[in-house]
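Undergrad: Dumping the structure here so I can ask a few things about it.
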Amino acid sequence: MDAALKILSPGLMSSIQDKGRFGFGRFGVPRSGAADPVFLRLGNALVGNDPYEAAIEFRFLGPTVKAEAGSVCIGLAADAAAELTRAQTQEKEHVSPWQTVTLNEGDTLKVMPLSKGASGYLTIEGGLQLMPVLNSTSTYARAGIGGTNGSLLQANDILKLKTKATPREFEKIMNKAPQVSTDLLHVILGPQDDYFSDESVTGFVSNSFKVSSDVDRMGIRLEGTPVNSLPEKGNDLISDGLVAGAIQIPGNGLPIILGADCHLVGGYPKIATVISADLFRLGQLGPGADIKFKSVTLEQAQAKYNDLEKYIETCTHSIQNYYGEGAINLVALHGSNLISGVVDAHSPGHFPGRLEDT
Amino acid sequence: MENRFLMLGDASFTVEFPTLTGIAGARKVRQLRNRIQSEIDGGHLDGIIDLVSATRSLTVCLDPSRMNFLEVRGAVEKLVQDPFVENTEAGEIWTLPVCYEGEYAPDLDEVAQRSKLSVNEVIQLHSSTVYDILFIGFLPGFPFLAELPEILRFPRRTSPRLRVPAGSVAIANDQTAIYPWESPGGWHLLGRCPVPLFNSTWAEPSLLTPGGQVSFEAVSEKDFKTLETDLTCGQLNPTSFRSVKRG
């Protein structure tokens, strides 16, 4: 019998996501994929999977899952702790963010609400048995494609694993868990920055905006000083192509940053587009967050892409064996720089591996 | 051909033909798309992960890890310079059933009033026009069809509906369309079409293909329900609404 995971409670807007569905623009199919692809990659690294293996994505509130058959090793890629309940003893164990936890048959894992950010992932060692639709298992619920049956995860859904968990003596933990700041997003101006006066563009990159309560995988609506288009241009253009990260300015002047599930074409002018290296930050933007935009060049955007890849590598290399809470692990302590401490002593706010914002 | 290249972040750009609209624009876009696709298929152009067609523009999406934005843009700039030929496409012709009655047609009366036509005249005009399939976009299988008769052209609703039912046949500006899925939407709803337009298990997941043509046939509510049932249970194949290929 295949190992399987059962969803006891789905959490909020939980869905199966992988890298996304590319190359089907001609059929009007959105790309979907993980809202935070960096967390997905790091979560898969924790359990030894391919970087973009499909995982459970949740928003703000994590799911409660049970090992329905066999044992299941889960990577907790989220700024959230979890509580493991052993079926045999009913003992409860604390699970830290960015560690793996192996559930034996019958054990349950309850993920706590996110302490920050907006998206988290449960990655599954060996991966889930899913039928790709148009080359991806990402859920796009509006058209009923991807995931288990085209819909968001529901209580009592059973997710079968490709393989059983390999027996292990210890879990893994990421000593340098990713630190994601969302207060600054780098953009390249355009494609329709010519719909706005120089003053409007300056206001857009110097004012601060607040994320409204209207946030989902399709887009993030902002509040703040409206960005007015030129009267002769208006806010209605002949629809053109959209990508995640494009920032639309509708008639009320309040920006909408498009997300992974966005439509492929749209008719509002786009003043700027978030660069590839910052797209993962969009997945961590929740209501009330303050953000600013900063305009960069193509070369700067590409340099930031390389920086991000190096940062992901640093986080990945910090994965170590975990001997349980309270156990002394000199290797891990050295790895997280708490003993040598040279860097920290000179710059208290600086943590090794933290990605600089500017 | 006048064109503009617009930055859409560090991994996508849009090629726009700013002087073109409607059918002429979509045909140019399709030719450019085919050129780029054959370069990709021939192994001459790497790193393109998607192409998105719109009425008068084509968006080229790249894999950011390849770092070849300028190279690809340069190659596409060359392809745009090649002369475009007159349309010689032989697309499919479809006649799709539409029920223009009751709850299926919430904006029909208003459109009739605004165009100073009778409801029957609106139905007659909308259904008998032969529309070009410009491109598929917005939602899976969603066809942008043009051109709508001049007298039926109105801007989008000022306040979009939060919920447009699947199958809704709608108009806005010079275009008409069918919503394959329930979705928010700002177009005026004239009727309902029972034919499914997208299925991920079909060899070509979108029923309609750009370059083809569509007209509509008015059906009663009773016939609509019968067609819907037959299509749902597989007694009727969606391709049965396709007539011979244009030659």
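The values are calculated or read from the model by the stated rules, or taken from the named source; none is laboratory data. Just so we're clear, the structure is a prediction, and the values are computed from it rather than from any experiment. Cβ placement follows ideal geometry from the backbone for every residue including glycine, while neighbour counts extend to all protein chains displayed. The area values use the complete protein model at the heavy-atom level, side chains included, leaving out ligands, DNA and RNA. Shrake-Rupley method; radii C 1.70, N 1.55, O 1.52, S 1.80 Å.
Undergrad: Scanning region B:31-56 for residues that are crowded, with 21+ Cβ neighbours inside 10 Å and in contact with a Gly (Cβ under 8 Å, 6 or more places away or on another chain), which turns out nearest to B:L148 (Cα to Cα)?
TA: By that ranking, first place goes to B:T55.
Undergrad: Give the residue, chosen from A:S208, A:S212, A:S229, A:S239, that is in contact with a helix residue (DSSP H, G or I) (Cβ under 7 Å, 6 or more places away or on another chain) and not charged (D, E, K, R).
TA: A:S229
Undergrad: Please identify the pairs in which a residue from region A:131-153 that is outside the structural domain of A:M218 (by TED's automatic domain parsing) has its Cβ atom under 6 Å from the Cβ atom of a residue that is among the hydroxyl-bearing types (S, T, Y) and surrounded by fewer than 17 Cβ atoms within 10 Å (Cβ to Cβ), counting only partners at least 6 apart or on another chain.
TA: Every condition considered, the pairs that remain are A:A141/A:S151.
Undergrad: Out of the residues in region B:197-226 that are over 19 Å from B:L139 (Cα atoms) and surrounded by 19 or more Cβ atoms within 10 Å (Cβ to Cβ), state the one that is nearest to the chain's Cα centre (by Cα).
TA: B:F216
Undergrad: For residues in region A:110-137 being within 14 Å of chain B (Cβ to nearest Cβ) and surrounded by fewer than 18 Cβ atoms within 10 Å (Cβ to Cβ), which is farthest from A:G62 (Cα to Cα)?
TA: Ranking the qualifying residues of region A:110-137, first place goes to A:N135.
Undergrad: Mind telling me which of the residues B:E92, B:E86 ends up being open to solvent by less than 40 Å² (accessible area, probe 1.4 Å) and at pLDDT below 95?
TA: Matching residue, one of B:E92, B:E86: B:E92.
Listed here are the residues, each with its yes/no results for (1) in contact with a Gly (Cβ under 6 Å, 6 or more places away or on another chain); (2) facing chain B (nearest Cβ under 9 Å).
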residue: A:S229; (1), (2): no, no
residue: A:L242; (1), (2): yes, yes
residue: A:Q248; (1), (2): no, no
residue: A:P269; (1), (2): no, no
residue: A:A272; (1), (2): no, yes
residue: A:K304; (1), (2): no, yes
residue: A:Y311; (1), (2): no, no
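Undergrad: Between A:G190, A:G150, which is in contact with a helix residue (DSSP H, G or I) (Cβ under 8 Å, 6 or more places away or on another chain), at the interface with chain B (Cβ under 10 Å from one of its Cβ atoms) and closer than 25 Å to A:R26 by Cβ?
TA: One residue alone meets the criteria, A:G150.
Undergrad: Just need a number here: residues in region B:210-247 that are touching a helix residue (DSSP H, G or I) at 6+ places or on another chain (Cβ under 9 Å), small (G, A, S) and assigned to a loop (DSSP other than H, G, I, E, B).
TA: Total satisfying the criteria: 1.
Undergrad: While we're here: Which ones in region B:17-47 are in contact with a helix residue (DSSP H, G or I) (Cβ under 9 Å, 6 or more places away or on another chain) and facing chain A (nearest Cβ under 9 Å)?
TA: B:R33 - this is the single residue of region B:17-47 that is in contact with a helix residue (DSSP H, G or I) (Cβ under 9 Å, 6 or more places away or on another chain) and facing chain A (nearest Cβ under 9 Å).
Undergrad: Looking at B:S53 and the list (1) out of contact with any His (no Cβ under 9 Å at 6 or more places or on another chain); (2) among the hydroxyl-bearing types (S, T, Y); (3) away from chain A (no Cβ under 13 Å), which single condition is not satisfied?
TA: With (1) out of contact with any His (no Cβ under 9 Å at 6 or more places or on another chain); (2) among the hydroxyl-bearing types (S, T, Y); (3) away from chain A (no Cβ under 13 Å) applied to B:S53, the lone miss is (3).
Undergrad: Further question on the same structure: Mind listing whichever residues of region A:66-109 are hydrophobic (A, V, I, L, M, F, W, C), more than 17 Å from A:A4 (Cβ to Cβ), open to solvent by less than 10 Å² (accessible area, probe 1.4 Å) and in contact (Cβ under 8 Å) with a residue 24 or more places away in the chain?
TA: A:L76, A:A77, A:A78, A:A80, A:A82, A:L84, A:W98
Undergrad: If you don't mind, there's one more thing I want to ask. Restrict the check to region A:281-291 and report whether at least one residue is open to solvent by less than 20 Å² (accessible area, probe 1.4 Å), part of a loop (DSSP other than H, G, I, E, B) and touching an Asp or Glu at 6+ places or on another chain (Cβ under 9 Å).
TA: Yes, that holds for at least one residue.
Undergrad: Does any residue of region A:105-121 turn out to be part of a strand (DSSP E or B), more than 20 Å from A:S15 (Cα to Cα) and of a type in the set (S, T, N, Q)?
TA: no
Undergrad: Of the conditions (1) more than 10 Å from chain A (Cβ to nearest Cβ); (2) among the aromatic types (F, W, Y); (3) over 20 Å from B:I171 (Cα atoms), B:F69 clears all except one; give me its number.
TA: (1)
Undergrad: Continuing with this model, one more query. In region B:59-79, what residues are of a type in the set (A, V, I, L, M) and modelled with pLDDT of 95 or more?
TA: Passing the criteria: B:V60, B:L62, B:L70, B:V72, B:A75, B:V76, B:L79.
Undergrad: Based on this model, can you work out whether A:E223 counts as among the acidic types (D, E), over 22 Å from the mean Cα position of the chain (by Cα) and in the same structural domain as A:P269 (by TED's automatic domain parsing)?
TA: For A:E223, the condition - among the acidic types (D, E), over 22 Å from the mean Cα position of the chain (by Cα) and in the same structural domain as A:P269 (by TED's automatic domain parsing) - is met.
Undergrad: Then there's this: Name the residue, out of A:D236, A:D194, A:D278, that is assigned to a helix (DSSP H, G or I) and surrounded by fewer than 19 Cβ atoms within 10 Å (Cβ to Cβ).
TA: Residue meeting the stated conditions: A:D194.
Undergrad: Scan (1) farther than 19 Å from A:T163 by Cα; (2) surrounded by 23 or more Cβ atoms within 10 Å (Cβ to Cβ) for the single condition A:P10 breaks and write down its number.
TA: (2)
Undergrad: Exactly one of (1) facing another protein chain (nearest Cβ under 9 Å); (2) modelled with pLDDT of 95 or more is unmet by A:D236. Its number?
TA: (2)
Undergrad: Taking only pairs six or more apart or across chains, which ones have beta-carbon atoms under 7 Å, a first residue in region B:129-149 that is more than 11 Å from every other protein chain (Cβ to nearest Cβ) and open to solvent by 10 Å² or more (accessible area, probe 1.4 Å), and a second residue that is at pLDDT below 95 and part of a loop (DSSP other than H, G, I, E, B)?
TA: B:E147/B:D174
Undergrad: Sticking with this structure for a sec: For the subset of region A:197-222 comprising residues that are assigned to a strand (DSSP E or B) and touching a Ser or Thr at 6+ places or on another chain (Cβ under 9 Å), which member is most open to solvent (accessible area, probe 1.4 Å)?
TA: Ranking the candidates gives A:R221 first.
Undergrad: I'd like to know if region A:17-26 contains one or more residues that are within 14 Å of chain B (Cβ to nearest Cβ), at pLDDT below 95 and not in a loop (DSSP other than H, G, I, E, B).
TA: The answer is yes, given that some residue of region A:17-26 is within 14 Å of chain B (Cβ to nearest Cβ), at pLDDT below 95 and not in a loop (DSSP other than H, G, I, E, B).
Undergrad: Same structure, new question: Yes or no: region B:202-209 includes at least one residue that is modelled with pLDDT under 95, polar (S, T, N, Q) and not in a helix (DSSP H, G or I).
TA: Yes, that holds for at least one residue.
Undergrad: Here's another thing I want to ask about it. Which of the residues that make up region A:166-191 are touching a Gly at 6+ places or on another chain (Cβ under 7 Å) and either among the hydrophobic types (A, V, I, L, M, F, W, C) or outside any loop (DSSP other than H, G, I, E, B) (or both)?
TA: Residues satisfying the conditions are A:V180, A:I188.
Undergrad: Which residue, of B:A112, B:A105, B:A26, is of a type in the set (A, V, I, L, M, F, W, C), modelled with pLDDT under 95 and under 27 Å from B:L145 (Cβ atoms)?
TA: That would be B:A26, the only listed residue that is of a type in the set (A, V, I, L, M, F, W, C), modelled with pLDDT under 95 and under 27 Å from B:L145 (Cβ atoms).
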